[in-house]
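Worksheet: the structure to be examined is printed underneath.
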Amino acid sequence: MEEVGILAERTGYSRNRVYAATEALSIINRPFGEEPLLPEEVDPDEVSAGPK
């Protein structure tokens with residue numbers, strides 16, 4: 001899934017890795033009522049920071 005761009009590895013470790021589906025997280029973490037950002041508009045660092 002990482003190879004096709006669905007998941008992104010977030011830890012940089014060779015063991016006990018954590019993966020994130022950044023496109024799904026951008027939809028889940030958006031403020032209520034806002035339109036979701038399209039995948040090419042998402043900043044991965046913004047998604048990993050979580051809700052504000």
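The values are calculated or read from the model by the stated rules, or taken from the named source; none is laboratory data. Values in this document were obtained by computation on a predicted structure and should not be read as measured data. When we count neighbours, we look across all protein chains shown, and the Cβ atoms used for this are built from the backbone with ideal geometry, even at glycine.
Looking only at residues that are modelled with pLDDT of 70 or more and charged (D, E, K, R) in the stretch 15-45, which one is surrounded by the most Cβ atoms within 10 Å (Cβ to Cβ)?
Out of the qualifying residues, it is GLU23.
Given the residues GLY50, GLY12, which is the only one that is at pLDDT below 85 and not hydrophobic (A, V, I, L, M, F, W, C)?
Selected residue: GLY50, the only one of GLY50, GLY12 that is at pLDDT below 85 and not hydrophobic (A, V, I, L, M, F, W, C).
Being within 12 Å of the chain's Cα centre (by Cα) and assigned to a loop (DSSP other than H, G, I, E, B) is the filter here; which residues of the stretch 3-17 pass it?
Those that are within 12 Å of the chain's Cα centre (by Cα) and assigned to a loop (DSSP other than H, G, I, E, B): GLY5, ILE6, LEU7, ARG10.
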